[in-house]
1. Only one residue in 2, 57 is in a loop (DSSP other than H, G, I, E, B), within 13 Å of the ligand (Cβ to nearest atom) and either open to solvent by 20 Å² or more (accessible area, probe 1.4 Å) or among the aromatic types (Phe, Trp, Tyr) (or both), so which one is that?
2. Answer with yes or no whether residue 52 is open to solvent by less than 40 Å² (accessible area, probe 1.4 Å), closer than 20 Å to residue 151 by Cα, under 14 Å from the mean Cα position of the chain (by Cα) and of a type outside the set (S, T, N, Q).
3. Counting only residues that are within 16 Å of the ligand (Cβ to nearest atom) and of a type in the set (A, V, I, L, M), which one in the stretch 5-17 is most open to solvent (accessible area, probe 1.4 Å)?
4. Please identify the pairs in which a residue from the stretch 96-111 that is touching a residue at least 24 places away in the same chain (Cβ under 8 Å) has its Cβ atom under 7 Å from the Cβ atom of a residue that is open to solvent by 50 Å² or more (accessible area, probe 1.4 Å) and assigned to a helix (DSSP H, G or I), counting only partners at least 6 apart or on another chain.
5. Just checking, which of 19, 3, 7 is under 14 Å from the mean Cα position of the chain (by Cα) and closer than 22 Å to residue 152 by Cβ?
Amino acid sequence: MLVGCRVFSSRKALIGALVPRGGLGIEVGTQTGEFARFLLDVTKPSALHVVDVTYRLFDESLFHADDPLVRHEGLSWEVLRGFADASMDWIYIDASHAYNDVTRDIRAAATKVRSGGLLVFNDYTSWSPIEVVPYGVLRAVNELLCAGGWDVVGLGLHGLGYHDICLRRR
Ligand SMILES: C[S@@+](CC[C@H](N)C(=O)[O-])C[C@H]1O[C@@H](n2cnc3c(N)ncnc32)[C@H](O)[C@@H]1O
């Protein structure tokens, strides 16, 4: 499950090394769109779907008319259910960090990734030192791993513990 797992100094280094170029991807939870801009520039996707419950903070000025960006507004797990099974090369999950919500995202996202595709989670931790609240990402992701069918292929480290973890579907 951990054989061949690579450790990176940051989430950007992880994405740059592990996410395939030219694929079809989703960023779940986009907020300002700043990381979506990075994903477009580095992974050169055929299309990048972004999902958020609100686009209030989204910075339109970061994007150009010819960017292959598709916006979806709504609850992440409901939007995810609308994609075809095994249609995605990768999904980056960074919406709600509450255990029940992450579990819903995992259930909705896992079947959408093709065999050999990636599920990447931001904030793989049980505690947010900035907000001083528990995060459920670590528990939810560990449960997915224990259920089988996924290998850990990368960890992107963060100085405050908001690590990224990258899983590959068998
Ligand atoms: C941490 S921010 C995303 C940051 C972005 N991925 C980045 O790296 O800069 C989380 C975003 O998820 C959205 N969000 C939280 N819960 C959600 C849900 N259940 N469905 C859709 N979006 C949600 C919030 O509105 C917020 O914009």
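The values are calculated or read from the model by the stated rules, or taken from the named source; none is laboratory data. Predicted, not measured: the structure shown is a model, and the values here were computed from it. Cβ atoms come from the backbone with ideal geometry, glycine included; neighbour counts cover every protein chain shown. Each accessible area value is taken on the protein alone, full model and side chains, heavy atoms only, with ligands, DNA and RNA left out. Shrake-Rupley method; radii C 1.70, N 1.55, O 1.52, S 1.80 Å.
1. Working: 2 fails: within 13 Å of the ligand (Cβ to nearest atom).
When all the criteria are applied, what remains is 57.
2. Working: open to solvent by less than 40 Å² (accessible area, probe 1.4 Å): yes; closer than 20 Å to residue 151 by Cα: no; under 14 Å from the mean Cα position of the chain (by Cα): yes; of a type outside the set (S, T, N, Q): yes.
The answer is no for residue 52.
3. So in the stretch 5-17, the residues within 16 Å of the ligand (Cβ to nearest atom) come out as 8, 10-16.
Applying the additional criterion that residues be of a type in the set (A, V, I, L, M) yields 13-15.
Numbers: 13: 37, 14: 0, 15: 2 Å².
Only one residue fits best here, namely 13.
4. These pairs meet every condition: 99/139; 108/81.
5. Working: 3 fails: under 14 Å from the mean Cα position of the chain (by Cα); 7 fails: under 14 Å from the mean Cα position of the chain (by Cα).
Just one listed residue meets the conditions, 19.
The rows are residues; the columns are (1) outside any loop (DSSP other than H, G, I, E, B); (2) open to solvent by 10 Å² or more (accessible area, probe 1.4 Å); (3) in contact with a Pro (Cβ under 6 Å, 6 or more places away or on another chain).
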| position | (1), (2), (3) |
| --- | --- |
| 31 | no, yes, no |
| 100 | yes, yes, no |
| 115 | yes, yes, no |
| 131 | no, yes, no |
| 140 | yes, no, no |
